[in-house]
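Take a look at the structure below.
The values are calculated or read from the model by the stated rules, or taken from the named source; none is laboratory data. Being a predicted model, the structure only gives us computed values, none of them experimental. Neighbour counts run over all protein chains shown; Cβ positions are idealised from the backbone, glycine included.
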Amino acid sequence: MKKQIMLIAFVAIAIGAFSQNLIRGEYFVDSDPGFGQATGFSIAVPDSDLTQAISIPDESFNGSGYHNLFLRTLDSNGNWSQTSRSIVQAGDNLNLSEIIKVEYFFNADNGFGNNSFLVLEASPEKTWEFTIPFDQLPPEWKTNDTLFIRVQDDNSNGWSQTSFIDSLNFVMVGIKNLEKITGVSVYPNPFSDEINVSLQNDDILQLVLYNEKGQLIFKKKLEKSEKINTQFLASGIYLLAIYANNNKLYGSKIVKH
């Protein structure tokens, strides 16, 4: 007898100018049949920001193994949300193998087990946060670059399907291109005890600085040109990033002597 194998909890935010209530949702597995053509589900209490659990029957999945599960919602203005994706495992005899490693790469895959990786605290079901050192980012990371991620479990060292993120709001640029794109000039580079930040317009931007491990050192709003004291920083490479008005984060490497 077929059974419900999956309980999915998700948060959906309505799109549009006025945060309309969500009135309907739909999901599909692996292949998108088009907006409004996937398997629909009702919204228990229409709202503009909600969490709701749904059960998905196992016949929705074409065989055991890992699958891409997609969800989206419709608001009362007739607008569809972005389509969110999750990797799920389907089957009659799912074991609770523990996730032990995450592997990631940009654009080019060197093969399973041959890319950069991080060892995780073993767990069958958990949400992890991990930091990719910025020196492992492509030197000129463009918006069309893609980050790929997959995980390994302790069950015969099995690998998940490879997931990808291709809509990141971060762009790695050279220090000269940073000025062209954001209107913010940062100099000198390399620097010693201070850096000069010069704004070409009246936009209020935000500057953030990370160390080589991806740890946040400081952040501040930029409303005018100014000098930033960097005497407290150790010598090394840092990532300076500017939040621009187009909601993108542009980063450049800077060096302290």
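Take Leu178 and tell me if it is surrounded by 12 or more Cβ atoms within 10 Å (Cβ to Cβ), over 22 Å from Phe105 (Cβ atoms) and not assigned by TED's automatic domain parsing to the domain that holds Asn110.
yes
For the range 208-239, which residues satisfy the criterion of being in contact (Cβ under 8 Å) with a residue 60 or more places away in the chain and surrounded by 11 or more Cβ atoms within 10 Å (Cβ to Cβ)? Show your work before the answer.
Initially, the range 208-239 is screened for residues in contact (Cβ under 8 Å) with a residue 60 or more places away in the chain, giving 210, 212-215, 237, 239.
Tyr210, Glu212, Gly214, Ile237, Leu239 - these are the residues of the range 208-239 that are in contact (Cβ under 8 Å) with a residue 60 or more places away in the chain and surrounded by 11 or more Cβ atoms within 10 Å (Cβ to Cβ).
Between residues in the range 187-199 that are assigned by TED's automatic domain parsing to the domain that holds Tyr238 and residues that are assigned to a loop (DSSP other than H, G, I, E, B) and surrounded by 15 or more Cβ atoms within 10 Å (Cβ to Cβ), which pairs lie under 7 Å by C-beta distance while being six or more apart or on different chains?
From residues that are assigned by TED's automatic domain parsing to the domain that holds Tyr238, the pairs are Phe191/Thr230; Asp193/Thr230; Glu194/Thr230; Ile195/Thr230; Leu199/Gly183.
Would you point out which residue out of Trp141, Trp128 is under 30 Å from Gly236 (Cβ atoms), surrounded by 13 or more Cβ atoms within 10 Å (Cβ to Cβ) and at pLDDT below 70?
Details: Trp128 fails: surrounded by 13 or more Cβ atoms within 10 Å (Cβ to Cβ).
Step by step, each of Trp141, Trp128 is checked, and only Trp141 is under 30 Å from Gly236 (Cβ atoms), surrounded by 13 or more Cβ atoms within 10 Å (Cβ to Cβ) and at pLDDT below 70.
In the range 21-36, what count of residues is obtained for those that are in a loop (DSSP other than H, G, I, E, B) and acidic (Asp, Glu)? Break it down into steps so the answer makes sense when it comes.
The initial filter retains those residues of the range 21-36 that are in a loop (DSSP other than H, G, I, E, B), namely 21, 30-36.
Checking the rest, the ones that are also acidic (Asp, Glu) come to 30, 32.
Residues in the range 21-36 being in a loop (DSSP other than H, G, I, E, B) and acidic (Asp, Glu): 2 in total.
Could you check Pro188 against (1) in contact with a strand residue (DSSP E or B) (Cβ under 7 Å, 6 or more places away or on another chain); (2) at pLDDT 85 or above and say which number it fails?
In the conditions (1) in contact with a strand residue (DSSP E or B) (Cβ under 7 Å, 6 or more places away or on another chain); (2) at pLDDT 85 or above, Pro188 misses (1) alone.
Which one of Leu222, Leu233 is at pLDDT 85 or above and either farther than 27 Å from Phe106 by Cα or assigned by TED's automatic domain parsing to the domain that holds Gly251 (or both)? Full working, then the answer.
Working: Leu222 fails: at pLDDT 85 or above.
Sole residue among the options that is at pLDDT 85 or above and either farther than 27 Å from Phe106 by Cα or assigned by TED's automatic domain parsing to the domain that holds Gly251 (or both): Leu233.
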